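Here is the structure we will look at, set down as structure tokens.
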Amino acid sequence: MSEQEKQPTADRDRTHKETDDDQAPQQEVQDDGAQVSTDSTTPGAPEAAIPELVIISGMSGAGRSTAAKCLEDLGWFVVDNLPPALIPTMVELGARSQGNVARIAVVVDVRGRRFFDNLRESLADLASKHVTRRIVFLESSDDALVRRFESVRRPHPLQGDGRIVDGIDAERELLRELRGDADLVIDTSSLNVHELRAKMDAQFAGEEEPELRATVMSFGFKYGLPVDADLVADMRFLPNPHWIPELRPFNGLNEEVSAYVFNQPGAKEFLDRYAELLRLIAAGYRREGKRYVTIAIGCTGGKHRSVATAEKLAARLVAEGVETVVVHRDMGRE
């Protein structure tokens, strides 16, 4: 009888198991045929293997599913309605996938409201593990949300026995703190599906992530403040080209209108000082890990002064190395 045969059965079984473990890590096969390592002997994954994480949340009916689908089309691994307490576990599984899951997007909403209180704890856990995460918050006006729910004839998930607006109010209160922590807020009130996808593509389609992305948006105060603006500047302290007959038909993209605006007292000084202020703010945003900022420039109708200023300001930001998108929200609306 060999020495191995003389060993007790339990010892022989342990010997075989240790030998197998030394030869290769345990693996399991997913439904799509990909192999995911389940070896737990390696204490943690290297920092480079930790997936990038985006948390998509916001108002029901504001376009969370569209935003998630867009990221899925860009190659992100998307999980819908994941309980917040399981987010760190999902990130850990992605880190153990040997690079197969490098970017994860998780949709968190009030359908999982029993678990929503765990979100802040999960975010703190992710921060302690140095996980790069971003929060995208989809916002929309009450009127737009009511129209969308009525068009599909579905109740709001929080309205209970009340009205749709009651559910919307309850959801806004529940998500208030999360909205304040968001890295990117997108107002979809006036966006269709294609426009929302274009916004998501503009933010996430690039191969290299810039330090800071800015959206400079001109608007008209008479049409309301942009709800997704981080900073708002009011250009109504300058004379309105609308009252100059030869300039009235044109907009701020016209060279004559732009020249008129910036020949007014205080216009160039405002641009210089506001650009300098934005340099300080941008540096703070970078330190705090904020990667997106929306700067709204307003005038009465959003056609002349705000458009001209937005163009000039965007050019300054580009010169400072900030990736910038210009949007003229209300131009042509009159």
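The values are calculated or read from the model by the stated rules, or taken from the named source; none is laboratory data. Given the structure is predicted, the values throughout are model-derived calculations rather than measurements. Glycine also receives a Cβ, built like all others from the backbone with ideal geometry; neighbour counts cover every protein chain displayed. Heavy atoms of the whole protein, side chains included, go into the accessibility calculation; ligands, DNA and RNA do not. Shrake-Rupley method; radii C 1.70, N 1.55, O 1.52, S 1.80 Å.
The length gained on full extension between Ala315 and Glu173, counted as 0.36 nm times the residue separation minus their Cα-Cα distance, comes to 47.3 nm. Rounded, prolate or oblate: which fits segment 82-200 when a ≥ b ≥ c are the square roots of the eigenvalues of the alpha-carbon gyration tensor, with rounded for a/c under 1.5 and prolate only if a/b beats b/c? Prolate, since a/c reaches 1.5 and a/b exceeds b/c.
Between Ser65 and Ile244, the modelled labels are 5.0 nm apart [label points 7 Å from Cα along Cα→Cβ].
Inter-label distance, Glu334 to His194: 2.8 nm, where each label sits 7 Å from its Cα along the C-beta direction.
Overall shape: prolate for segment 145-273, with the ratio a/c of the largest to smallest alpha carbon gyration tensor axis at 1.5 or above and a/b above b/c. According to the square roots a ≥ b ≥ c of the eigenvalues of the Cα gyration tensor, what is the shape class of segment 198-326, taking rounded for a/c under 1.5, prolate for a/b larger than b/c otherwise, and oblate for the remainder? Prolate, since a/c reaches 1.5 and a/b exceeds b/c. Taking label points 7 Å from Cα along the Cα-to-Cβ direction, Asp161 and Ala102 give a separation of 5.4 nm. Once the 1.4 Å probe is applied to the protein heavy atoms, segment 195-334 comes out at 51 Å² accessible per residue.
Across segment 215-231, coupling constants 3J(HN,Hα) worked out from phi with the 6.51/-1.76/1.60 Karplus curve, θ = phi - 60°, read 10, 9, 10, 7, 7, x, 4, 6, 9, x, 6, x, 6, 9, 6, 8, 9 Hz, and Gly and Pro carry x. Working from Cα pairs under 8 Å separated by at least six residues, relative contact order for segment 179-280 is 18 percent.
For segment 162-287, the carbon plus sulfur part of the accessible surface works out to 52%, probe radius 1.4 Å. For Leu280 and Val327, a Förster radius of 22 Å and the Cβ-Cβ distance give a FRET efficiency of 0.40, rounded to the nearest 0.05.
Per-residue extension of 0.36 nm, minus the Cα-Cα distance of Thr89 and Arg287, leaves a gain of 68.5 nm for this segment.
Short to long, the 10 Å bins of the Cα pair-distance histogram for segment 181-254 hold 13, 37, 30, 17, 3 percent of all pairs. Taking GluC sites (Glu not before Pro) across segment 224-297, the ones in a DSSP loop with at most 15 further Cβ atoms lying within 10 angstrom of their Cβ are Glu246, Glu288.
Taking a point 7 Å from the Cα of Leu74 along the Cα-to-Cβ direction, the residues of segment 187-204 with backbone N closer than 17 Å to it are 187-188, 193-204.
Note that segment 72-79 has calculated 3J(HN,Hα) couplings of 4, 5, 8, x, 7, 8, 10, 10 Hz, one per residue in order, obtained from phi through the Karplus relation 6.51 cos²θ - 1.76 cosθ + 1.60 (θ = phi - 60°); glycine and proline are x.
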